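**Q** Let me begin by handing over the structure; questions about it come next.
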Amino acid sequence: MKSEPSTNSAAGTSGEPCKKCVFTSSYRLFACAASYLQSPLLLAIRLYWGWHFFLTGKGKLMNLDRTAEFFQSLHIPMPKLNACLAGGTECFGGLLLLVGLGSRLVSVPLIFTMIIAYVTAEQEAVKNIFKDPDKFVTATPFLFMYAAVIILAFGPGKFSIDWLIGKKLSSKPRL
């Protein structure tokens, strides 16, 4: 049974919907329609940034000696080991992000890797984050980290293996 819209009794007219009710119901309709964009947007973020994480990680692993030399120039301890860890995290984490498997879990080491990239390779951007925020947000690790934070906060969306697993697990009866 549908209820009739409230009337503006203060104005003395009957049968007209109140302005507050029209605004509220319009906003709810807009928010409901906009929520349908959430999963496609999360899919686009995962596909684009998962692929780019994969490529950068693969590049580190394929050129391990050069990456280790670069890490050594940044005074990162155990440069070869850390090059393997960073490259592996980005490469395999990017693939998992791409397909949406363990997305929230894998976003944590990806975020950590990007924080380390900031602290070591982008020290000026970090030191001047409040003086020159443009330098911080235009640094290479920023968008990688931002994408991983979005997936950590909002999950991978409906177009992911995580969602399918969650749906399958929630449909099983409990004993």
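**Q** Please go through segment 99-119 and pick out each residue that is buried (at least 16 other Cβ atoms within 10 Å of the Cβ), within 13 Å of the chain's Cα centre (by Cα), within 14 Å of residue 155 (Cβ to Cβ) and not small (Gly, Ala, Ser).
**A** Of everything in segment 99-119, just one residue is buried (at least 16 other Cβ atoms within 10 Å of the Cβ), within 13 Å of the chain's Cα centre (by Cα), within 14 Å of residue 155 (Cβ to Cβ) and not small (Gly, Ala, Ser), namely 106.
**Q** Which condition number in (1) buried (at least 16 other Cβ atoms within 10 Å of the Cβ); (2) in contact (Cβ under 8 Å) with a residue 24 or more places away in the chain is the one that residue 154 fails?
**A** (1)
**Q** For segment 34-67, how many residues are charged (D, E, K, R) and surrounded by fewer than 12 Cβ atoms within 10 Å (Cβ to Cβ)? Even if it seems obvious, please write down each step before you answer.
**A** Residues of segment 34-67 charged (D, E, K, R): 46, 58, 60, 65-66.
With the extra rule that they be surrounded by fewer than 12 Cβ atoms within 10 Å (Cβ to Cβ), the set shrinks to 65.
Residues in segment 34-67 being charged (D, E, K, R) and surrounded by fewer than 12 Cβ atoms within 10 Å (Cβ to Cβ): 1 in total.
**Q** Quick one: which residue in 171, 103, 160, 107 is in contact with a Pro (Cβ under 7 Å, 6 or more places away or on another chain) and of a type in the set (Ser, Thr, Tyr)?
**A** 103
**Q** Within the set of pairs 6 or more residues apart or between chains, which connect a residue that is farther than 16 Å from residue 37 by Cα inside segment 158-171 to a residue that is of a type in the set (Val, Ile, Thr) and part of a helix (DSSP H, G or I) with Cβ atoms less than 7 Å apart?
**A** As it stands, the answer is 161/99, since those pairs meet every condition given.
**Q** Let me ask you something else. Given the options 135, 131, 168, name the one that is assigned to a helix (DSSP H, G or I), surrounded by fewer than 13 Cβ atoms within 10 Å (Cβ to Cβ) and more than 17 Å from the chain's Cα centre (by Cα).
**A** Details: 135 fails: surrounded by fewer than 13 Cβ atoms within 10 Å (Cβ to Cβ); 131 fails: assigned to a helix (DSSP H, G or I).
After applying the criteria, what remains is 168.
**Q** Quick check, is residue 31 out of contact with any strand residue (DSSP E or B) (no Cβ under 9 Å at 6 or more places or on another chain), exposed (fewer than 10 other Cβ atoms within 10 Å of the Cβ) and modelled with pLDDT of 85 or more?
**A** Spelling it out, residue 31 is indeed out of contact with any strand residue (DSSP E or B) (no Cβ under 9 Å at 6 or more places or on another chain), exposed (fewer than 10 other Cβ atoms within 10 Å of the Cβ) and modelled with pLDDT of 85 or more.
The values are calculated or read from the model by the stated rules, or taken from the named source; none is laboratory data. For clarity, every value in this text was computed on a predicted model and none was experimentally measured. For neighbour counting, all protein chains shown are included, and Cβ atoms are generated from backbone atoms with ideal geometry for every residue, glycine included.
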